[in-house]
Every structure is written in structure tokens, then in C-alpha cells.
Amino acid sequence: MTDRRESLPAPRASALVANLRRLGGRWSSTSHAGSGITARATRAAHAAVVPLLDTASAAVLTGTVVAAVDSWWRFAGERDPKLGQVVAVFGLYVAAGALFGCVIHMGLALEREIHLRLAARSTRLALAARLAFAALAGGGLVWSTTFRVFAISRMHAGAFAKYGPFIVVAAFCLGAMLLGSTAAWANRALRAGRRLGPLFVGVIAIAVAGALVYVDLTVYVALYSRIHTLLEAIACVLVFTTAGVVVHSRKIGRVLIGLRAVGVTSLAWLLLLTTNGAARERLERSLRPVWLQPIYAGRMLSRAQSLEELSRPPGEEGEKLAGISRLEERFDIRNTTLEPAWSAPFDEPAPLKQRLQAARRSPAPYNIAIFYVDTLRYDVAADPQSMPNLSEFNRQSLHFKKAYAAGSDTVRSVPALTGGSLAAEPDRSVDFLEVARRRGWHRTLVIPQSADEFLDKELPGFGFDERVRVDDYPSVRTDVWGYGADQPSAGKVVDRSLEWMKQNKDGKFLLWSFHFDQHNWRELNDTHVADVARRHGMPEGPGMRRYAAVARGIDAEFGRFLRGLDDLGLRDKTIVVFLSDHGEGVGRDGFWVHSIFLWEDLLRVPLAIRVPGMRPKVIEEPVSLMDLAPTLARWFDPNVPTSSYHGEDLLSYAVGGRPKRRLPLLIRSGDRESTLRIGVIEPAGDWKLLIQLESGLPELYKLTTADPDGENTADDAPQETMTLLNELVRSPIFPRPDPKQLAGAAPKPGGGA
């Protein structure tokens with residue numbers, strides 16, 4: 001039998017083998033080509049995604065550090081944050097870090113593309129472009145804040161006022177260039193295996209960031225929002241740069257994989273919050289208590305709120321603060337028109353009117369002497385050890401133990417005090433200073449120079465026929481405006497006040513003796529404060545001890561003022577009013593000054609009125625400094641119209657038979673640029689409701705507790721919250737689309753708050 005393999009012609013077998021080999025070669029070649037395409041696609045995806053993950057990871061690490069500082073600060077401040085709140089803070093900053101990481105990545109990608117294109121032409125040109133990019137970022141970070149700060153600072157003249165903003169911006173440009181160059185060097189050093197130098201640089205950067213955070217959270221907390229934002233931003237840039245060097249070093253093996261996993265997770269979390277309304281609502285609910293403290297998470301929520309506000313469409317609703325819109329939606333508020341009672345005249349029974357007229361009747365018109373102490377808290381004023389002369393004066397007077405300022409700073413408190421109104425456009429004709437002018441009282445203001453300079457710019461309507469200035473800082477200084485006067489002035493103000501009254505005692509006058517030492521309690525000369533403390537047996541030291549010592553010095557001058565009035569024979573001819581315009585934080589929650597908040601320490605002030613021949617009386621009911629306007633105006637003009645006053649006649653508390661207070665007490669606070677909080681105190685004085693305008697969240701406080709501002713009980717007392725909220729949203733201080741909205745305008749269809 002013949003073998004078939006042997007019968008096959010040799011040439012055909014060779015051809016078959018050759019064809020198979022050619023087929024295999026084509027397949028192999030095709031496979032290699034496909035692998036190359038896949039590899040290139042993989043490398044392209046890697047080049048696009050990995051830098052984003054690295055940048056997002058560095059940004060999330062920075063956000064985590066900030067969240068840790070925020071939570072630690074709350075625990076250190078004994079705010080006792082709940083675990084869910086702390087987790088929510090970290091969730092907020094992980095999302096914020098991912099978002100900012102994406103933004104920073106796009107900026108860095110643009111810079112990298114420009115650098116590569118220019119490097120192909122010239123290495124020096126590429127380096128110059130990179131430095132210019134860093135300088136632009138650094139200058140852009142501080143440009144707006146720097147020029148704004150110089151515009152409102154004490155420096156109004158001179159070369160530094162003219163060129164200072166540009167010098168500061170240039171310094172930050174150089175700093176950004178140095179930081180960028182240092183980060184690039186540290187990256188190269190780490191890749192080359194050198195770690196000591198980059199480690200040292202990182203430690204320095206973190207130390208500087210920590211110092212900035214400490215200053216940010218302890219010095220003038222919440223008062224200068226732009227400066228605080230700048231300090232926070234610089235600290236975050238330093239932390240981000242350090243984290244970025246570590247992430248981009250490629251020398252940390254598995255840790256790098258973990259960091260990139262963090263980047264992926266954070267981007268997924270950001271996507272979830274962006275697309276899922278329920279997740280956003282749950283996070284927002286957990287973060288509501290965070291709004292109440294000016295720490296980092298609260299600021300971040302404020303920025304998010306501002307972005308939301310900018311995204312709203314134009315028109316009536318778009319003009320509102322986003323927080324107010326949320327408030328109206330959350331509580332189903334349909335009617336925010338002005339309540340007609342706020343523009344109604346006094347409804348005084350006839351017997352009360354007669355008693356008031358009889359109490360004001362005198363053989364000759366009374367003079368009015370106002371002893372005004374800027375920034376004096378009620379608790380210090382009520383302490384006989386701190387202010388014994390005032391304590392004795394209270395026993396001779398109508399002593400209002402629960403007097404509230406209408407605002408927690410001078411700019412908001414004084415116009416309401418003299419005008420008796422918080423309307424957007426108050427009626428200036430019923431301001432008691434204007435009523436005194438019309439009726440022939442000579443109006444004189446004795447005031448320290450720094451205070452007069454401040455009021456001349458901030459309250460130009462604070463008008464007098466004569467202004468007597470006293471020095472409270474050396475003439476060679478030009479940087480004092482509002483704050484910074486270090487020379488005591490209380491004695492000089494009393495000297496000039498007594499001298500003026502001696503020369504004008506035969507006429508009828510309104511004298512305003514303006515005392516500013518308490519406002520400058522931190523800046524006053526240390527030797528003077530120590531001498532006052534020793535002379536009057538006051539404890540020496542910082543904080544409240546120093547504040548009380550300064551108050552004791554003013555009280556001594558008040559006693560001399562009263563004795564001088566007696567010596568001039570003016571006691572029986574002069575009504576004396578002692579008051580302050582607001583209090584002071586003195587370290588509460590790191591806040592040492594005033595404004596921004598509506599705490600009792602900032603709102604409750606001393607108020608006492610001594611009227612010749614009138615029996616003294618202690619009034620326990622809450623009153624407002626706005627009540628002073630109709631009270632004094634009626635001494636100048638018994639028939640002054642009362643429909644523009646939001647206060648009441650304080651004399652009615654003395655004569656008896658007064659009806660229930662017709663309107664609640666309104667309060668508000670803010671910074672130099674805008675109102676931040678509004679509030680209402682019920683006439684009985686048991687509850688205070690506040691609304692932070694950015695968040696739209698109501699805060700309810702029980703005023704009869706040991707710490708009236710310690711616990712927000714809005715969720716625990718819904719009935720009281722809604723009752724006071726009803727009054728606040730229909731009051732003159734609630735923001736509306738049209739400030740000129742008339743009382744009684746048609747409300748929106750539906751229910752009402």
C-alpha cells in the first residue's frame with residue numbers, strides 16, 4: 001500500500017507551508033498593530049485622567065485639613081458638635097475639594113500646554129511664561145481685597161495710600177512665583193531621591209499655614225470678611241502646594257494608589273451631590289448648625305449660597321437673597337408685606353395722654369444732657385464695683401434694666417436711637433435732633449477727634465449746631481480712624497462739656513457728651529489703664545478686667561460731670577440721660593469687638609433718665625433705644641407726629657396706666673457693606689428670634705436662661721418660632737424685593753406665615 005504523503009508532489013507541499021506562514025505573519029502583524037493602538041489609547045487616557053486625580057487628591061487633602069481644623073475648633077470652643085455634623089463637614093469639604101481640584105486642574109493643564117508650546121521655541125520663554133502664570137494667580141488672589149482694604153482703611157493720604165495697593169499686589173505676585181518655583185524644585189528633588197530639602201520646605205509651608213489659620217480664627221473674628229477669606233485662601237494654597245508635591249512625587253508607591261482612589265471617590269461624591277437633590281438636602285440639614293459659627297464650614301456654606309444667589313434668574317424673586325427664598329419656602333411664608341401697625345400713630349388712651357402731658361409740664365423748658373458711652377455692656381455698667389457713680393445715678397432715675405440697642409454697632413444703632421425708626425427711608429423730620437433744632441434748642445456735641453472723624457464719614461446726618469473736638473491721639477499720626485486712638489479722652493470731654501454749659505447755662509440746650517474710651521479699651525495707653533485700675537481698686541489684667549477698668553475710669557468722670565452740673569445750678573433745669581449704643585464681645589467665641597452678631601452682650605446696654613422732680617423707678621420690661629426718640633422729641637415738641645416712630649414713649653413706664661407694648665423690639669447687625677442678621681424680641685422679653693440672611697435659618701433663644709445665646713431652640717419650640725417669625729417677616733427690617741413697598745399691599749395668594 002502506497003503512503004499518500006509520499007505520493008504528494010513536493011512543490012505543492014512547499015507552497016502550502018509558505019501560504020500558512022504568510023497567513024500567520026499577517027495575523028501577527030495585525031495583532032501587534034491592534035495592541036499598539038490600545039496602548040496609545042491607554043496612555044492617552046492615563047495622561048488625561050491621572051493628573052486630574054492627582055490634583056483632585058491634593059485638593060481633597062487640603063479640604064480634609066480645613067475640615068479637621070473646623071471640627072477641632074468647635075470642640076475646643078465647647079460647642080459640642082454632634083458626630084453627624086462633623087461627618088457632614090468633612091463631606092462638604094471633600095466635595096468642595098473635588099470641585100476646586102477640577103478647576104485647578106484645568107488651569108494647570110492650560111499652563112502646561114502653553115509651557116510645552118513655548119518650550120519648543122525657547123526654554124527661557126517657557127520659564128518666563130510659567131513665572132508669569134504664577135504671578136497672575138497670586139496677584140489675582142489679592143487684587144480685589146487689597147484695593148478694598150486700602151479704600152476703607154485709616155490711610156487716606158500720602159504716598160503709601162497711593163502706591164500701597166500696588167506694592168502689596170506686587171509682593172504677592174513675587175510670593176506666588178517663589179512658591180511655584182519652590183514646588184517645582186521640590187518635585188524634581190523627590191524624583192531624584194532627595195527628600196530632606198523638600199521635607200524642610202513642606203514643614204515651613206505647613207507652619208506658615210498654621211500661623212495664618214490661628215490669626216484668621218482669633219484676630220477680629222468675622223469682622224473683616226475679605227481679610228479672613230484672604231488668610232484662609234493663602235493657608236489653603238500653602239497646604240495644597242505641599243500636598244501636590246507629595247502626590248506628584250511618584251515615590252510613595254501604594255500610598256499614591258490610595259490617594260488616587262481618594263480622587264476617584266471624591267469626584268464620584270461631587271457628582272452625586274450635583275445630580276441628587278435628596279443627597280444635597282440631607283447634607284444641608286446636617287450642616288444647619290454650622291451656619292451659626294464663623295468657622296470654615298460656615299464660610300464655605302456662605303460661598304455656596306452666594307453662588308446659588310448669582311445663579312438665580314433676574315426679576316423680583318431673583319433679587320432676593322437665596323437664604324430668604326429658602327426661608328419662605330421652608331416655612332410656607334406667603335405674606336411678607338409690611339404690617340400697617342408699623343406706620344400707625346401711637347394709640348394712647350386719653351388718661352395716659354393727660355398724665356404724660358402733666359409729667360412734662362414745667363415752669364421753663366428743660367435742658368437735655370446726654371452722657372453717651374460708646375461700646376459699654378450692660379453687665380459691666382450694672383456692676384457697682386465697676387461703675388459706682390452710675391449705680392447711684394440709677395437709683396435717682398428711671399432705670400431701664402432691659403434696654404436693647406437696635407443694632408450691634410454704632411452705624412446701625414445711633415440713627416435708630418435718634419430717629420426712632422428702622423424704616424429703609426426714615427422720616428428725618430421726627431429725629432429728636434431735628435425736632436430740637438426746629439424748636440430752638442442749641443445742639444452741641446463734645447466728642448473725641450477719632451470718633452468725630454469716624455461719624456463724619458459714616459453718619460453725616462448726625463447733625464449739631466456746634467461740635468467741640470478734643471484730642472485723643474497725637475497730631476503727628478495719620479492712621480487713626482474709628483479705632484486706634486490711644487490717649488484717654490473722658491476727662492477732656494467732661495472738662496469741655498462743663499465749660500460749655502457754664503457759658504450757655506442761661507439758654508436752652510441739648511448737650512451730647514460723647515465718650516469713646518470704652519470703644520478704644522484695647523488701644524488705650526497701658527499705663528493709663530493700669531493707673532485707673534490701681535487708683536480705684538480694680539483687678540488688673542487683659543480681657544474683661546481691662547474692659548472693666550476702662551469703664552471705671554469713665555464712671556469716675558461721670559461722677560465729676562454730675563457734680564459739675566450741680567455746681568452750675570443746672571440740676572433742676574436739666575434732664576440727664578445715660579446710655580450706650582451697643583456692647584462688646586470681649587472674647588466670646590473668639591469675637592472681641594462688636595457688630596456681626598446679635599448676642600445679649602452686644603445688644604443690652606445701660607439706659608437711665610433722670611428727670612427733675614420725677615420719682616425714680618426701676619423698669620423691668622424690655623425697651624428699645626428707639627424709644628428714646630419719641631421720649632425726647634415730645635419734650636421739645638408735645639405735638640410731634642408719632643406715626644413714623646417704631647419706639648414708644650419711655651415716660652409712659654413712669655406715669656402708669658400704659659397699655660401693652662404695641663410693637664416688638666427689632667434688632668439687626670452687619671458688616672461695613674451689608675446687613676447680615678435681623679431679629680425680633682417679644683415684648684415680654686422671654687424669647688429672641690434671629691435670622692441669618694445668608695442661610696435663611698431661624699434661631700430661637702430663651703432669654704431667661706443663664707446663657708441666653710447658648711442654645712438655639714427653634715426646632716424644640718416651633719410655636720414660638722412661628723409666632724415671632726410672623727412678626728419679623730412683616731416688619732420694616734425684613735428684606736423685600738422693593739424697599740419702598742407700601743403697607744397693606746396685596747399679599748401673594750395663599751396662606752401666610
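The values are calculated or read from the model by the stated rules, or taken from the named source; none is laboratory data. Treat the numbers as computed from the prediction; the structure is a model and nothing was measured. Every residue, glycine among them, receives a Cβ derived from its backbone with ideal geometry; neighbour counts consider all protein chains shown. Protein only, heavy atoms only, side chains kept; ligands, DNA and RNA dropped before computing areas. Shrake-Rupley method; radii C 1.70, N 1.55, O 1.52, S 1.80 Å.
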Quick test of your reading of the structure: A654 fulfils all but one of (1) in a loop (DSSP other than H, G, I, E, B); (2) of a type in the set (G, A, S); (3) open to solvent by 10 Å² or more (accessible area, probe 1.4 Å); (4) at negative phi. Name the failing condition by number. (1)
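Any residue at all in the stretch 176-184 that is surrounded by fewer than 12 Cβ atoms within 10 Å (Cβ to Cβ), under 31 Å from the mean Cα position of the chain (by Cα) and modelled with pLDDT of 80 or more? I'd like the intermediate steps shown before the answer.
Here is the first cut: in the stretch 176-184, the residues surrounded by fewer than 12 Cβ atoms within 10 Å (Cβ to Cβ) are none.
Checked against the condition, which is being surrounded by fewer than 12 Cβ atoms within 10 Å (Cβ to Cβ), under 31 Å from the mean Cα position of the chain (by Cα) and modelled with pLDDT of 80 or more, the stretch 176-184 yields no hits at all.
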Restricting to the stretch 666-683, and then to whatever is at pLDDT 90 or above and part of a loop (DSSP other than H, G, I, E, B), can you tell me which residue is nearest to W599 (Cα to Cα)? E682
Any residue at all in the stretch 518-528 that is of a type in the set (A, V, I, L, M) and assigned to a helix (DSSP H, G or I)? no
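What number of residues within the stretch 538-547 satisfy the criterion of being in a loop (DSSP other than H, G, I, E, B) and touching a residue at least 24 places away in the same chain (Cβ under 8 Å)?
In the first step, residues of the stretch 538-547 are kept if they are in a loop (DSSP other than H, G, I, E, B); the result is 538-543.
If we keep only those that are touching a residue at least 24 places away in the same chain (Cβ under 8 Å) too, we end up with 538, 543.
Going through the stretch 538-547 one residue at a time, the tally reaches 2.
Listed here are the residues, each with its yes/no results for (1) touching a residue at least 24 places away in the same chain (Cβ under 8 Å); (2) within 18 Å of H399 (Cβ to Cβ); (3) of a type in the set (S, T, Y).
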residue: V605; (1), (2), (3): yes, yes, no
residue: I609; (1), (2), (3): yes, yes, no
residue: V618; (1), (2), (3): yes, yes, no
residue: D627; (1), (2), (3): yes, yes, no
residue: R634; (1), (2), (3): yes, no, no
residue: V640; (1), (2), (3): yes, no, no
residue: S643; (1), (2), (3): yes, no, yes
residue: A654; (1), (2), (3): yes, yes, no
Tell me, which residue of the stretch 684-696 that is within 16 Å of the chain's Cα centre (by Cα) and not in a loop (DSSP other than H, G, I, E, B) is modelled with the lowest pLDDT? Q692
Selection from the stretch 418-456 of residues closer than 20 Å to S497 by Cα and not in a helix (DSSP H, G or I) yields G440, W441, H442, R443, T444, L445, V446, I447, P448
Mind listing whichever residues of the stretch 202-243 are surrounded by fewer than 17 Cβ atoms within 10 Å (Cβ to Cβ), touching a residue at least 12 places away in the same chain (Cβ under 8 Å) and in a loop (DSSP other than H, G, I, E, B)? Y220
Scan of the stretch 325-351 for residues that are of a type in the set (S, T, N, Q), part of a helix (DSSP H, G or I) and at pLDDT 90 or above, ordered by number: S343
Among the residues of the stretch 546-589, write down those that are over 26 Å from the mean Cα position of the chain (by Cα), among the acidic types (D, E) and closer than 30 Å to Y220 by Cα. D555, E557
Name the one entry in S421, S413 that is closer than 27 Å to S652 by Cβ, crowded, with 23+ Cβ neighbours inside 10 Å and touching a Pro at 6+ places or on another chain (Cβ under 8 Å). S421
Under 8 Å between Cβ atoms, at least 6 apart or on separate chains: pull out the pairs that start in the stretch 178-190 with a residue that is more than 10 Å from V245 (Cβ to Cβ) and end on any residue that is open to solvent by less than 40 Å² (accessible area, probe 1.4 Å). L179/A134; L179/G138; L179/L238; L179/T241; G180/A134; S181/A134
Does the stretch 441-457 hold any residues that are among the charged types (D, E, K, R) and open to solvent by 50 Å² or more (accessible area, probe 1.4 Å), and which are they? D456, K457
The listed residue being within 17 Å of F514 (Cβ to Cβ), in contact (Cβ under 8 Å) with a residue 60 or more places away in the chain and touching a Phe, Trp or Tyr at 6+ places or on another chain (Cβ under 9 Å), out of V435, V480: V480
Only unsatisfied item for Q354, checking (1) at negative phi; (2) assigned to a loop (DSSP other than H, G, I, E, B); (3) of a type in the set (S, T, N, Q), is (2)
For the structure I just gave you, tell me whether R477 is within 35 Å of the chain's Cα centre (by Cα) and farther than 30 Å from G164 by Cα. no
If we scan the stretch 710-733, do we find a residue that is among the hydrophobic types (A, V, I, L, M, F, W, C) and either modelled with pLDDT under 85 or closer than 30 Å to L455 by Cα (or both)? yes
Check R443, R477 and return the single one that is modelled with pLDDT of 95 or more, on the phi < 0 side of the Ramachandran plot and not hydroxyl-bearing (S, T, Y). R443
Can you find, within the stretch 548-602, the residue that is most open to solvent (accessible area, probe 1.4 Å) among those that are more than 13 Å from F393 (Cα to Cα), β-branched (V, I, T) and not in a helix (DSSP H, G or I)? V586
Could you tell me which residue of the stretch 619-651 is surrounded by the most Cβ atoms within 10 Å (Cβ to Cβ), considering only residues that are polar (S, T, N, Q) and in contact with a Ser or Thr (Cβ under 7 Å, 6 or more places away or on another chain)? S644
For the stretch 273-318, what are the residues that are part of a loop (DSSP other than H, G, I, E, B), within 24 Å of G670 (Cα to Cα) and modelled with pLDDT of 85 or more? none
If you take the residues in the stretch 96-126 that are farther than 21 Å from A137 by Cβ and either modelled with pLDDT of 90 or more or not hydrophobic (A, V, I, L, M, F, W, C) (or both), which one is most open to solvent (accessible area, probe 1.4 Å)? R121
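Here are some residues: R439, R395, R428, R412. Which one is basic (K, R), closer than 17 Å to L579 by Cα and out of contact with any strand residue (DSSP E or B) (no Cβ under 7 Å at 6 or more places or on another chain)?
Details: R439 fails: closer than 17 Å to L579 by Cα; R428 fails: closer than 17 Å to L579 by Cα; R412 fails: out of contact with any strand residue (DSSP E or B) (no Cβ under 7 Å at 6 or more places or on another chain).
Going through R439, R395, R428, R412 in turn, the sole match is R395.
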The stretch 78-93, residues that are at pLDDT below 80, open to solvent by 60 Å² or more (accessible area, probe 1.4 Å) and in contact with a helix residue (DSSP H, G or I) (Cβ under 9 Å, 6 or more places away or on another chain): D80, K82
